[in-house]
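The values are calculated or read from the model by the stated rules, or taken from the named source; none is laboratory data. Everything numeric in this text was worked out from a predicted model, so none of it was measured. Reconstructed Cβ throughout: ideal geometry from the backbone, glycine too, with neighbour counts over all protein chains shown. Ligands, DNA and RNA are excluded from the accessible area calculation, which covers all protein heavy atoms including side chains. Shrake-Rupley method; radii C 1.70, N 1.55, O 1.52, S 1.80 Å.
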Amino acid sequence: MSERHLGKGSTNPPFAKGKLRLYSMRFCPYAERIHLVLDAKNIPHDVVNINLMQKPDWFLERNPLGKVPAIETEGGRCLYESLIVADYLDEQFPDRPLHSGDPAQKAQDRICMEMFSKVTQLVFKAIMDADNREQHCSELLPELDRFEKELSSRGTPFFAGSGGPGMLDYMLWPWFERVAAFGVLADQKLSLPNKEKHAKLVQWQALMEKDAAVKKWSLPPETHGRFLSGYKTGTVDYDILVR
């Protein structure tokens, strides 16, 4: 396992027998999705963190897109794109299934994941475009309204039901975690989700924070803010947690 992020000139650590290999970046929300799935399903794995600004040649040989997350099997097969990887893990390791067994519900969850791409885009805009952050945050509100309505219509504390988080819950969570960093970046408190308009989402957020997999990988807003501020100064530090 590599806690530090490996870059050009590095060598790939030896593969651990009997485990999957996850190529990750500690602050990447897409990679966090797969950390959550692996831990929720108790899948044996090790982690190699990648410096995305100085990607190792050996990583690009395995994953020509150069993106995280990616997983590598003992047989040398490398899979990437977070939703594809999450589906693979749920099918390959059927204990504690995260997708619904109802095909119609599974399809509805996939639709929600597709719709959530609008949220991810606005979150990244709010992070990167400091001058217009409040505008981007205001544009987030109707998108959060959509998910408040979806959760309310299901009548359960989690999108997956009452028994705990499922695939949709874990696929959404990393961006809700990062929204809290806006207040650090903007030096002001931005209430998203809105406690009055998004009561169900606020309750969901509080429950998600108690989940074992979420607790293991979530970082405080100050840490996210510290990492994200590096994009503004051009001094992104992937290894601030291990210095």
So, first residue over 22 Å from residue 37 (Cα atoms) and modelled with pLDDT of 95 or more in region 196-209, second residue of a type outside the set (Gly, Ala, Ser) and in a helix (DSSP H, G or I), Cβ within less than 6 Å, six or more apart or across chains; the pairs are 200/148; 200/151
Pairs, please: C-beta under 6 Å, at least 6 apart or cross-chain, first residue open to solvent by 90 Å² or more (accessible area, probe 1.4 Å) and in region 215-232, second assigned to a helix (DSSP H, G or I)?
-> 216/39; 222/184
Has region 25-43 got at least one residue that is in a loop (DSSP other than H, G, I, E, B), among the polar types (S, T, N, Q) and under 30 Å from residue 181 (Cα atoms)?
-> yes
With respect to residue 183, determine if the residue is at pLDDT below 90, under 19 Å from residue 29 (Cβ atoms) and not assigned by the TED database to the domain that holds residue 34.
-> yes
If you go through region 65-88, how many residues are of a type in the set (D, E, K, R), open to solvent by less than 40 Å² (accessible area, probe 1.4 Å) and over 22 Å from residue 168 (Cβ atoms)?
-> 1
Which helices (runs of 4 or more DSSP H) does region 84-186 wholly contain that include 1 or more residues that are free of Cβ contacts under 8 Å to residues at least 24 places away in the same chain?
-> 103-115, 117-128, 133-154
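State all residues of region 233-243 that are of a type outside the set (Lys, Arg) and without any contact (Cβ under 8 Å) to a residue 60 or more places away in the chain; if no residue qualifies, say none.
The answer is 233, 234, 235, 237, 240.
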